[in-house]
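*Asks:* Sharing a structure here in structure tokens format.
The values are calculated or read from the model by the stated rules, or taken from the named source; none is laboratory data. Nothing here was measured: the structure is a model prediction, and the numbers come from that model. In this analysis, Cβ positions are derived from the backbone assuming ideal geometry, glycine residues included, and neighbour counts consider all displayed protein chains.
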Amino acid sequence: MSRLRKTSETSAPAIPDATALYMICDAVARRKELIHGHLYDNGGCCAVGAFWRDNPGTVLNSDLIDEVAGYNDSIPVTESPKVRHKKVLSWLRWRLRVLANPSAARKP
């Protein structure tokens, strides 16, 4: 887990990763842009920030947060927020296809 990410201790269970991926994909699909490096900034948000805007208080597994945030931030900061959105949404849809059919694990 990132040492820069704020965490909260909760006794609430995390939602299952498969469910969370569907919800993250849905939240990202509702937006037109994603930012780099922060949950929220100047009205924008990253993929995980989009999820929490739409589902406040929902608990996610830290490994899933790291995976989604890692992909979001692996796209160079020089790319536009619209390009980042397109690439992250494509990756999330690929992850969902792999969940539904593990033999679809070849990268898009």
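*Asks:* Is it the case, given these coordinates, that A20 is touching a residue at least 60 places away in the same chain (Cβ under 8 Å), in a helix (DSSP H, G or I) and closer than 23 Å to A104 by Cα?
*Replies:* no
*Asks:* Before we move on, is D26 acidic (D, E), within 26 Å of S11 (Cβ to Cβ) and surrounded by fewer than 17 Cβ atoms within 10 Å (Cβ to Cβ)? Steps first, please.
*Replies:* On the way: acidic (D, E): yes; within 26 Å of S11 (Cβ to Cβ): no; surrounded by fewer than 17 Cβ atoms within 10 Å (Cβ to Cβ): yes.
No, not satisfied.
*Asks:* OK, next. Restrict the check to the stretch 58-73 and report whether at least one residue is modelled with pLDDT of 95 or more and farther than 21 Å from P16 by Cα.
*Replies:* yes
*Asks:* Give the stretch 56-73 a look and list any residue that's charged (D, E, K, R) and either more than 20 Å from H36 (Cβ to Cβ) or in contact with a Phe, Trp or Tyr (Cβ under 7 Å, 6 or more places away or on another chain) (or both), or say none.
*Replies:* The one that is charged (D, E, K, R) and either more than 20 Å from H36 (Cβ to Cβ) or in contact with a Phe, Trp or Tyr (Cβ under 7 Å, 6 or more places away or on another chain) (or both): D63.
*Asks:* Please determine, by comparing only the residues of the stretch 74-108 that are surrounded by 12 or more Cβ atoms within 10 Å (Cβ to Cβ), of a type in the set (A, V, I, L, M) and more than 12 Å from L34 (Cα to Cα), which one is farthest from the chain's Cα centre (by Cα).
*Replies:* Of everything passing the filter in the stretch 74-108, A104 is farthest from the chain's Cα centre (by Cα).
*Asks:* Within the stretch 34-51, track down each residue that is assigned to a loop (DSSP other than H, G, I, E, B) and either surrounded by fewer than 16 Cβ atoms within 10 Å (Cβ to Cβ) or out of contact with any His (no Cβ under 9 Å at 6 or more places or on another chain) (or both).
*Replies:* Filtering the stretch 34-51 down to residues assigned to a loop (DSSP other than H, G, I, E, B) leaves 34-39, 42-43, 46.
If the condition is that a residue be assigned to a loop (DSSP other than H, G, I, E, B) and either surrounded by fewer than 16 Cβ atoms within 10 Å (Cβ to Cβ) or out of contact with any His (no Cβ under 9 Å at 6 or more places or on another chain) (or both), then I35, H36, G37, H38, L39, N42, G43 are the ones that fit.
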